[in-house]
Each structure stands twice: as C-alpha cells, then as structure tokens.
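Single-structure report; data block below.
The values are calculated or read from the model by the stated rules, or taken from the named source; none is laboratory data. What you see is a predicted model, and the numbers here were worked out from it, not measured in a lab. Virtual Cβ from ideal backbone geometry, glycine too; neighbours counted across all protein chains shown.
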Amino acid sequence: MENKTSLSNLGVVVAVRGSVVDIRFDERLPPIYSVLLTGPEKQIVIEVLAQQDAHHVRGIALTPTQGLARGMAVEDTGGPLKAPVGKAVLSRMFDVFGNTIDREAALSDVEWRSVHRAPPSLARRSTKSVQAAGTDDPDRVAAQMRKMKINDFMTKDGWIREDGRVMRDMYLEEVKSSAESKYPFDYFKILATIPAEQAFRPLKDGGCSLVHG
C-alpha cells in the first residue's frame, strides 16, 4: 500500500462500533477518503467516510479491528487509498491495498493512483479520437467520436447522436428509506431502466432550428 504517514496530523480514537470508528483530530481534519493508520503496530487501516464536525471524522475499518480501543493514537497518511497502475500489473494478483499476493517479484515501474480517481475527461476522450482518426481535422475527429462508445461515471455504453446529444439509458428511481440505505450515498433504488432511444425525443421530432437535414 503506497501511503506515507503525516506525523504532523495525529488523532485519537473516541468510539469503536464494529468496523465503524470515530476519531478526533485537534489540529487538522482529514478529507473524505483519507487513509488513517492505528493499532499497536499501525496494522489497522481506516478510510474516512464522513466529517462529523470541526474535530471528528467517522471512518470504516478496512482491516479487522481486534484490539482497537478508545484513546489509541491515529496517524493521518495524508492521502487516499491507492492502487498500482501500469503494464507491470497485468496477470498479477493483489489484495485490496495493492499489495502483491502471488509470491512473484515485487512491482516495479508502476504508478500509484487513487482508487477514487475521477473518470477520464472529455478532453482525454477527444485526444483519443484525434489519435484514432489520424488527423486533427474537426469533421473527421467528430465522426470518430460518434463511433466510440462512452463509458464513464454517468454513462455506460452511450454514444453521440448526429445532433451532438449524448445518448444513454435513463433510470426510474425511488428514494430509499433510512432502513434500506446501507452505506454512504446509498440513496436510491432503480425501479426501471429506460433505453436511450425511448428516453430522448427522436432527432426528427426535435424542431431545433440549428439542425438541418
């Protein structure tokens, strides 16, 4: 696990309820998704999921909490959980922290990236379109983008229609009750999936004066 501790930001455990741990920080509150280390040998790994107030965070333990008790010191690593990225990870086996578990040689020539990294931006998608088209001619690049499927945080197997609209499935959702919500941001349940062709008005029926033909 590629995480360096920040000894200048120490906290203390104030409550332990199963895998849910509350920690107090007097100087600086760790951001959401920060990784914290605690326990006699710093073997207990906690990920911050909520900032309770100006001095308290609540996290979920990613390792067993046996032996963890109130008053124990907590170290803020200063960053999120990370995973190795690169060709060297192909055909290798890892645990949730990115440590190799296949008894092979240690990883080399890899980049460690946050597991909460944002999806690729439109700019990156455009760059790939330019590479695939073999030119920066806007018409050819636009045509190439329409051939490429869109897969990101919001869209799965979407595509760009002739008028530039991103076509993707939509969902009919219902807000969950507090009893049904099991983890942070678990707010909705999907009742039905509406295919893109049904979710958006056909191009011919749009009546947009900017679209011709």
query: Filter the range 140-154 for residues that are of a type outside the set (S, T, N, Q) and under 30 Å from I60 (Cα atoms); which is surrounded by the fewest Cβ atoms within 10 Å (Cβ to Cβ)?
result: F153
- request: Kindly indicate whether E2 is modelled with pLDDT under 95, acidic (D, E) and either in contact with a Ser or Thr (Cβ under 7 Å, 6 or more places away or on another chain) or surrounded by 13 or more Cβ atoms within 10 Å (Cβ to Cβ) (or both).
  value: yes
task: Quick one: in the range 155-189, of everything that is closer than 29 Å to K204 by Cβ and aromatic (F, W, Y), which residue is surrounded by the fewest Cβ atoms within 10 Å (Cβ to Cβ)?
output: Y171
task: Select from the range 64-84 the residues that are under 28 Å from D186 (Cα atoms) and surrounded by fewer than 16 Cβ atoms within 10 Å (Cβ to Cβ) and list them in ascending order.
output: P64, Q66
- prompt: What residue, among those in the range 26-45 that are of a type outside the set (S, T, N, Q) and not in a loop (DSSP other than H, G, I, E, B), is surrounded by the fewest Cβ atoms within 10 Å (Cβ to Cβ)?
  reply: L37
field: Selected residue (criterion: nearest to R113 (Cα to Cα)) from residues of the range 35-63 that are touching a Gly at 6+ places or on another chain (Cβ under 7 Å) and touching a residue at least 40 places away in the same chain (Cβ under 8 Å)
entry: V35
message: Pairs needed: first member in the range 95-116, without any contact (Cβ under 8 Å) to a residue 40 or more places away in the chain; second member anywhere, in a loop (DSSP other than H, G, I, E, B) and among the acidic types (D, E); C-beta distance under 7 Å; at least 6 residues apart or different chains.
response: I101/D95
query: Since R161 meets every condition but one in (1) free of Cβ contacts under 8 Å to residues at least 24 places away in the same chain; (2) more than 19 Å from the chain's Cα centre (by Cα), which condition does it not meet?
result: (1)
- prompt: Can you spot a residue in the range 7-21 that is part of a strand (DSSP E or B), within 25 Å of the chain's Cα centre (by Cα) and among the aliphatic types (A, V, I, L, M)?
  reply: yes
query: If you go through the range 182-204 one residue at a time, how many are outside any strand (DSSP E or B) and either of a type in the set (S, T, N, Q) or touching a helix residue (DSSP H, G or I) at 6+ places or on another chain (Cβ under 9 Å) (or both)?
result: 1
query: Can you tell me which residues in the range 95-134 are touching a Phe, Trp or Tyr at 6+ places or on another chain (Cβ under 6 Å) and either part of a helix (DSSP H, G or I) or modelled with pLDDT under 80 (or both)?
result: P119
Output for the range 141-181, where each listed residue is among the basic types (K, R), assigned to a loop (DSSP other than H, G, I, E, B) and either over 27 Å from E47 (Cα atoms) or modelled with pLDDT under 80 (or both): K149, K156, R161, R165, R168
